[in-house]
1. Being in contact with a Ser or Thr (Cβ under 8 Å, 6 or more places away or on another chain) and either free of Cβ contacts under 8 Å to residues at least 60 places away in the same chain or in a loop (DSSP other than H, G, I, E, B) (or both) is the filter here, so list the residues in the range 79-92 that pass it.
2. For the range 155-174: of the residues being of a type in the set (Val, Ile, Thr) and open to solvent by 40 Å² or more (accessible area, probe 1.4 Å), which is farthest from VAL123 (Cα to Cα)?
3. Within the range 167-189, take every residue that is touching a residue at least 12 places away in the same chain (Cβ under 8 Å), not in a loop (DSSP other than H, G, I, E, B) and not acidic (Asp, Glu) and give me the one that is nearest to GLN71 (Cα to Cα).
4. Report yes if some residue within the range 119-129 is in a loop (DSSP other than H, G, I, E, B), open to solvent by less than 40 Å² (accessible area, probe 1.4 Å) and modelled with pLDDT of 95 or more; otherwise report no.
5. Please state which one of PRO68, PRO115 is buried (at least 18 other Cβ atoms within 10 Å of the Cβ) and closer than 20 Å to SER181 by Cβ.
6. Across the range 1-33, what is the total count of residues that are under 22 Å from VAL116 (Cα atoms), exposed (fewer than 11 other Cβ atoms within 10 Å of the Cβ) and in contact (Cβ under 8 Å) with a residue 24 or more places away in the chain?
Amino acid sequence: MISIINTSFKDVKIISPNIHVDSRGYFFESYNHLQFKEKIGDINFIQDNESKSNQIGVLRGLHYQISPYQQGKLVRCSRGAIFDAAVDIRKDSPTYGQWKGYEMTEENGHQLYVPVGFAHGFVTLEQNSEIVYKCSDYYAPETEGSVLWSDPDVGIDWPLTGEPILSEKDQRAPLLKDFDSPFVFGVNS
């Protein structure tokens with residue numbers, strides 16, 4: 001059975017699995033559609049992605065996709081540790097532009113559900129960290145967008161000891177104030 005931990009964002013949830021540990025290692029259900037449907041909603045995840053980052057300080061994000069391929073994500077760190085962040089980018093939302101961050105590790109098994117209307121990103125806290133995530137729609141590069149990871153108006157307090165390791169695309173991401181969000185609070189959420 002999974003436990004749901006509410007966050008200050010109504011629709012963003014932390015899912016905590018029941019981890020069975022013994023001398024051999026551990027076992028847990030990483031996803032159960034019936035439990036997810038009962039506790040969060042009937043999300044049809046149709047694509048699984050996996051990412052490995054070799055170094056500490058690899059930062060990926062803040063990403064989103066617009067219609068017709070809007071994505072909700074269920075994110076889990078399967079190896080190592082990450083700091084995962086979600087930013088509300090829904091117009092007229094009382095929490096527009098606000099962020100929340102959560103540490104997810106191989107040991108805690110936590111997953112973060114990031115619904116449509118939120119930008120998402122993470123930074124690695126350990127070498128060789130692996131992240132797996134389910135998406136509610138297919139990757140479509142023509143619909144992807146991003147918000148600058150260091151946007152001062154958002155102000156994410158990334159746990160970095162130096163400069164992050166970024167893709168060229170993430171280095172050039174626009175500021176939130178230059179983004180005309182297609183996501184509307186109460187419509188996309």
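The values are calculated or read from the model by the stated rules, or taken from the named source; none is laboratory data. The shown structure was predicted, so the numbers you read here are calculated from the model rather than taken from an experiment. Cβ coordinates were reconstructed from backbone atoms using ideal geometry, including for glycine residues, and neighbour counts include every protein chain displayed. SASA here: full protein model, heavy atoms, side chains in, ligands and nucleic acids out. Shrake-Rupley method; radii C 1.70, N 1.55, O 1.52, S 1.80 Å.
1. Once the filter is applied, which keeps residues that are in contact with a Ser or Thr (Cβ under 8 Å, 6 or more places away or on another chain) and either free of Cβ contacts under 8 Å to residues at least 60 places away in the same chain or in a loop (DSSP other than H, G, I, E, B) (or both), the range 79-92 yields ARG79, GLY80, ALA81, ILE82, ILE89, ARG90.
2. Initial filter on the range 155-174 (of a type in the set (Val, Ile, Thr)): 156, 161, 165.
Then keep just the ones that are open to solvent by 40 Å² or more (accessible area, probe 1.4 Å); that gives 161, 165.
Values: THR161: 11, ILE165: 9 Å.
Among them, the one singled out is THR161.
3. Taking the candidates together, the pick is VAL184.
4. Filtering the range 119-129 for residues in a loop (DSSP other than H, G, I, E, B) gives 125-128.
Next, only the ones that are open to solvent by less than 40 Å² (accessible area, probe 1.4 Å) stay: none.
No, the range 119-129 contains no residue that is in a loop (DSSP other than H, G, I, E, B), open to solvent by less than 40 Å² (accessible area, probe 1.4 Å) and modelled with pLDDT of 95 or more.
5. Working: PRO68 fails: buried (at least 18 other Cβ atoms within 10 Å of the Cβ).
None of the others qualify; the one that does is PRO115.
6. Count: 1.
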